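What follows is a single structure, written as structure tokens, with notes after it.
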Amino acid sequence: MLAGKLALVTGSTSGIGLGIARSLAAQGCGVVLNGFGEADAIESLRAGLAKEFGVRVVFEGGDLTRPADVETLMKRCEGHGGVDVLVNNAGIQHVSPVESFPPERWDAVIALNLTSAFHTTRLALPTMKARNWGRIVNIASAHGLVASVEKSAYVAAKHGIVGLTKVVALETARTGVTCNAICPGWVLTPLVQKQIDARMAERGLSADAARASLLGEKQPSGEFVTPEQLGALAVFLCSPAGDQVRGAAWAMDGGWTAQ
Ligand code: NAD
């Protein structure tokens, strides 16, 4: 369905981004991987994806908390033919009450989870508009719709990216470019594993008990959302059936935000 298109998935060396990259590649879409990791591990990921799905897969690094790195990444993507599908996924978390939240962690969370998406979007839009086709999929969070304690920067960034999504959707409404946000609940990735580890240490829980208590507090289904399920939703948003889905903040959260 996406043969001949190129997708940039930020933060796709792990977790949700990798799941979405796989789902797009399975539709014949070329992929630009991005994120941190060991060079050898990234190369085997890149080569493995290319072989499994028979598509072009390249890796372009960069620390996306730095606007100059985002500019370089987008220039390199232009060199690969330009971005048709932009998935703004790279994100980090920091957990702390507001009064002891380290200002430099606030800056880093906002820079990556919100500002980098502004820069990739502004730099991808001219090519998308010129082609009159494009898909921008922002990986927000249930925390783009509701709050939790001790996640001020993350909740602010995720609410912010839901707002950015709506503005971009309105500005592109008369074009073949759409912009939407996906709002996942808990997904068992390294980002969440850190929170499970902290819970085990603080409360003296087993891994199973820590996972169950994390889910039990927020996610009525009691089950994690998977990167594959999120990838399938991203593929839907890229399909012709998604043409009139514009400015949505689409929850896939096991019922978290229905409460
Ligand atoms: P993850 O830690 O598994 O992956 C994060 C990715 O971002 C990795 O590829 C990492 O290398 C990359 N990255 C980190 N810092 C970067 C930087 N400065 N520049 C470029 N890349 C960088 O996390 P994940 O859970 O897969 O999260 C992916 C996105 O999904 C994030 O935006 C996160 O907020 C969101 N999300 C996650 C969950 C969840 O439960 N895991 C829920 C809702 C939303």
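For the reader, a short list of remarks on this structure follows.
- With all protein chains kept in place, the per residue accessible area of segment 1-88 amounts to 42 square angstrom at a probe of 1.4 angstrom.
- Exceeding the 21 Å Cα-Cα cut-off - candidates 166/194; 75/129; 5/75; 151/218: 166/194
- In terms of Cα atoms, the Rg and Dmax of the chain work out to 17.7, 56 Å.
- Portion, in percent, of the accessible area of segment 116-238 that falls on carbon or sulfur, probe 1.4 Å: 58 percent
- Hydrodynamic radius (Kirkwood) for segment 176-238, which is based on Cα pairs only, to one decimal in Å: 13.2 Å
- Helix-derived mean residue ellipticity, 222 nm - over the chain, DSSP H n ≥ 4, -39500 (n - 2.57), to 500: -15000 deg cm²/dmol
- At q = 0.09, 0.13 Å⁻¹, base-10 log of I(q)/I(0) for segment 44-182 (Debye sum, equal scatterers on each alpha carbon): -0.31, -0.62
- Over all pairs of different C-alpha atoms, segment 3-123 has a mean inverse distance whose reciprocal, the Kirkwood radius, equals 14.7 Å.
- Judged by the mean number of other Cβ atoms found within 10 Å, the most tightly packed of the peptides 51-58, 174-181, 25-32 leads the ranking 25-32, 174-181, 51-58.
- Equivalent-ellipsoid semi-axes of segment 131-248, from the Cα gyration tensor, Å, largest first: 33, 15, 10
The values are calculated or read from the model by the stated rules, or taken from the named source; none is laboratory data. Given the structure is predicted, the values throughout are model-derived calculations rather than measurements. Glycine also receives a Cβ, built like all others from the backbone with ideal geometry; neighbour counts cover every protein chain displayed. Surface areas here come from the heavy atoms of the whole protein model, side chains and all, with no ligands, DNA or RNA. Shrake-Rupley method; radii C 1.70, N 1.55, O 1.52, S 1.80 Å.
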